[in-house]
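Participant: Before I ask anything, here is the structure I am working with.
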Amino acid sequence: MCRNIPIFDGHNDALLRLFQLADPIAAFRHRGDDGHLDIVRAKAGGFAGGIFACFVPSAGEEDAGVVLTDGGYTMAMPEPLSLMNARAHTDAMIACADRIVTELFDQVRLCRSVSEIRRCMDDGVLAMTLHLEGAEAIGEDLDGFEHYYSLGVRSIGPVWSRRNCFGTGVPFRYPGGPAIGPGLTEAGLALVRACDERGIMLDLSHLNAAGFWDVARTSRAPLVATHSNAHAVCPVPRNLTDDQLRVIRDSGGLVGVSLSVCDLRPDGHNDPLTPLDVVIRHMDHLLSILGPDGVAIGSDFDGAVMPAAIGDAGGLKRLVAAMDEHGYDENLVAKLCHVNWLALLERCWH
Ligand code: ZN
């Protein structure tokens, strides 16, 4: 009965995948053999729009490798980026997004406001909002801040899972908590205040605990983690502890449930054979603390291994069906699928 509810998604890495291809426009327009998100898959799954990340990989990151430990894994923290590299790569990714929305103007639009997103949803056009996953390109003195705002960026994660001039991200490991490393720097605190003033959403996914609490003390905006899960269900540093969830709730904030299997599974394995009831377990736990207005979806399409039962954006209806079968009523499913994201963005973007 909930089958036609549109989904607004809090996080994907489609631009990173597309940007590396010879013909990003064709790759986004058509359904390719690989990739999680393109216009064809979006239409099939009810993916109406989302927050598209601009992410700059560290040099040599692919070789960093996972080291297996007793009962888990750990990974060396990727190298910091240079300002020049971060800025050049980010500008090129945004130029790629601009080419896509220009060429495919009748199928996808760049959105800077909730009214623009709603218009896209009414018109059956994909809504794309730009996010910086790690704020390296902005620079320590924030001199890139207005540049990226003017290009349409409306969401910023101060750090990815590495160090930069604003703060420190959480490492990838299992098991472990987020209380690793120092809090935000002076530049990080200035970035938080600048986002508050400008009405840019701050994304706390990937930030360590000390940085999280610095944001909670500094920002007047709702606290948001676009793609993170419940630490009580899957104990990785990327996931949020109950203490963090309570302060997110008290701020009127939101958590987007990530479909990345290694951040879902209680055993931390990066195994696509992960049943959808594991996603529902996270939703149940998050709902029990955040309430029905504080939970949404943040898929991490094109950025992580997905449950085989969903596969890609074309399989989102199976997630909606799982919510339905679990007994979430139509009103709650609509909140999780898009109502909560739009209401949250309205609170953040003023
Ligand atoms: Zn991420």
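The values are calculated or read from the model by the stated rules, or taken from the named source; none is laboratory data. Bear in mind that the values here come from a model prediction, so they are computed numbers and not experimental data. Virtual Cβ from ideal backbone geometry, glycine too; neighbours counted across all protein chains shown. Please note that ligands, DNA and RNA were not included when accessible areas were found on the heavy atoms of the full protein model with its side chains. Shrake-Rupley method; radii C 1.70, N 1.55, O 1.52, S 1.80 Å.
Participant: Could you state the orientation-averaged shadow area of the convex hull built on the Cα atoms of segment 309-350, in nm² to one decimal?
Facilitator: Mean projected area of the Cα convex hull: 3.5 nm².
Participant: What residue among Val101, Ala14, Val247 has its Cα farthest toward the positive end of the dipole of the chain, where the charges are +1 on Lys, Arg and -1 on Asp, Glu, each on the Cβ?
Facilitator: The listed residue farthest towards the positive side: Val247.
Participant: Which shape class, rounded, prolate or oblate, goes with the chain when its Cα gyration tensor gives a ≥ b ≥ c as root eigenvalues, a/c under 1.5 marks rounded, and past that a/b bigger than b/c marks prolate?
Facilitator: rounded
Participant: OK, next. In debye, nearest 20: dipole of the chain around its Cα centre with unit charges on the Cβ of K, R (+) and D, E (-)?
Facilitator: For the chain, the charge dipole is close to 560 debye.
Participant: Which Cα, out of Ser260, His231, Cys337, lies furthest along the positive dipole direction of segment 7-348 (beta carbon charges, K/R +1, D/E -1)?
Facilitator: Comparing the listed Cα positions along the dipole, Cys337 ranks first.
Participant: Ok, one more. Before rounding to the nearest 500, sum -39500 (n - 2.57) across all DSSP H runs of length at least 4 in the chain and divide by the residue total; then give [θ] at 222 nm in deg cm²/dmol.
Facilitator: -11000 deg cm²/dmol
Participant: Here's another thing I want to ask about it. Hey, can you rank 213-220, 305-312 by average C-beta count inside 10 Å, highest first?
Facilitator: Final packing ranking: 305-312, 213-220.
Participant: Could you tell me how far the Cα centroid of segment 67-93 sits from the Cα centroid of segment 175-238, in Å?
Facilitator: Rounded to whole Å, the Cα centres lie 18 Å apart.
Participant: Return a whole-number percent for the relative contact order of segment 240-328, with Cα pairs under 8 Å and 6 or more residues apart as the contact set.
Facilitator: The normalised contact order for segment 240-328 reaches 36 percent.
Participant: Rounded, prolate or oblate: pick one for segment 23-155, where a ≥ b ≥ c are the square roots of the eigenvalues of its C-alpha gyration tensor, a/c under 1.5 means rounded, and failing that, prolate if a/b is larger than b/c, else oblate.
Facilitator: Oblate.
Participant: Then there's this: Using alpha-carbon pairs under 8 Å, 6+ residues apart, how would you state the relative contact order of segment 145-226 in percent?
Facilitator: Once normalised by length, the contact order is 33 percent.
Participant: I would also like to ask the following. Provide the packing ranking of 258-267, 18-27, i.e. peptides ordered by the mean count of other C-beta atoms within 10 Å per residue, highest first.
Facilitator: Top of the packing list down: 258-267, 18-27.
Participant: I'm a student and want to see the number: the projected area of the Cα convex hull of segment 137-214, averaged over all directions, in nm².
Facilitator: If you wrap the Cα atoms of segment 137-214 in a convex hull and average its projections, you get 4.8 nm².
Participant: Carbon and sulfur together cover what percent of the accessible area of segment 65-175 at a 1.4 Å probe radius?
Facilitator: 54
Participant: Next question, about the same structure. Assign unit charges at the C-beta atoms only (+1 for Lys and Arg, -1 for Asp and Glu), then state the dipole size of segment 118-248 relative to its Cα centre in Debye, rounded to the nearest 20.
Facilitator: So the dipole magnitude of segment 118-248 works out to roughly 380 debye.
Participant: What percent antiparallel are the DSSP beta bridges of segment 131-249, to the nearest 5?
Facilitator: Roughly 20 percent of the beta bridges in segment 131-249 run antiparallel, per DSSP.
Participant: Can I ask one more? Evaluate the relative contact order of the chain (contact order divided by residue number), counting alpha-carbon pairs under 8 angstrom at least 6 apart; express in whole percent.
Facilitator: In percent, rounded to a whole number, it is 20.
Participant: Under a 1.4 angstrom probe, counting protein chains only, how are Val257, Val66 ranked by accessible area, largest first?
Facilitator: The ordering from most to least exposed comes out as Val66, Val257.
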